[in-house]
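For reference, the structure discussed in these notes is given below.
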Amino acid sequence: MCLGGRYSLMSKRRGTIEEQAQRDKFTALRSFLRRCWAKYPERMAARQAARRPYKGTANKRQKWEYQCAICLNWYIWKRLEMVVDHIVPAGTFLCDDDYRTFIPNLFCDRKNLQVLCKVCHNNKTKLERDK
Ligand SMILES: [Zn+2]
């Protein structure tokens, strides 16, 4: 049997074509779910619960500011500066079996969501990864 065909499909970094296709599938699914998550009503409710009318004077067009649930400081919402965080992490979505836990965890109840600033979110994520 000639293995040349199969091995020619492999590279050290990306694995076989099948492995790469599998990874691409889950990358696409995660991307799709993230777009759904951005519009998820419970996420919106968590964000609204953490806001108050903007009290600063620097920006007259600014309507709201948001409180980080950990450091309790108030911030203006900017993409990648403030996040709606899962208190119990959603976990990973890297294989077929993960959807049973990842999707319900991602689209969880409002009680499992909190607004965090970037610094507190990075610290929390680092602690979770180190566990
Ligand atoms: Zn914070």
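I need the shape label for region 18-72. Rule: rounded when a/c is under 1.5, else prolate if a/b > b/c, else oblate, with a, b, c from the alpha carbon gyration tensor. Each step should come with its number before you reach the end.
Numbers: a/c = 3.27, a/b = 2.97, b/c = 1.10.
Prolate.
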**Q.** Residues of region 18-46 with amide N under 11 Å of a point placed 7 Å along Cα→Cβ from Thr125
**A.** none
Q. Ile76's amide H: which non-local residues (gap 5+, or another chain) put their own amide H closer than 5 Å, with H modeled 1.01 Å from N in plane and none for Pro or chain starts?
A. Tyr66
Q: Step through the residues of region 54-60 one at a time and calculate ³J(HN,Hα) from phi using the Karplus curve (6.51 cos²θ - 1.76 cosθ + 1.60, θ = phi - 60°), rounding each to whole Hz and writing x for Gly and Pro.
A: 4, 9, x, 10, 5, 10, 5
Q: Using only C-alpha atoms and all pairs of different ones, pull out the Kirkwood radius for the chain in Å with one decimal.
A: 17.5 Å
(Q) With the cut-off at 27 Å, tell me which of the pairs Lys25/Lys78; Lys78/Lys111; Lys63/Lys118; Lys78/Lys126; Lys39/Lys124; Lys60/Lys126 have Cα atoms farther apart than that. (A) Lys25/Lys78; Lys60/Lys126
Q) Classify region 85-131: rounded, prolate or oblate, from the alpha-carbon gyration tensor (a ≥ b ≥ c, eigenvalue square roots; a/c under 1.5 rounded; otherwise prolate if a/b is larger than b/c)? A) oblate
Q | Between region 11-88 and region 92-108, the alpha-carbon center distance in angstrom | A | 17 Å
**Q.** ³J(HN,Hα) computed for each position of region 76-89 - Karplus, 6.51 cos²θ - 1.76 cosθ + 1.60, integer Hz, glycine/proline x
**A.** 7, 5, 9, 4, 6, 9, 10, 9, 8, 9, 7, 4, 8, x
**Q.** In sequence order, calculated HN-Hα J values of region 116-126 (Karplus, 6.51, -1.76, 1.60; Hz; x Gly/Pro)
**A.** 10, 7, 4, 5, 5, 5, 4, 5, 5, 4, 5
**Q.** Of Gly91, Phe102, Asn112, farthest towards positive along the dipole that unit charges on Lys, Arg, Asp, Glu beta carbons give region 28-131
**A.** Asn112
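Laboratory data are not the source of any read-out in this text; all were calculated from the coordinates shown. Predicted model, so just to flag it, every value in this text is computed and none were measured. Cβ: placed from backbone, ideal geometry, glycine included. Neighbour counts: every protein chain shown.
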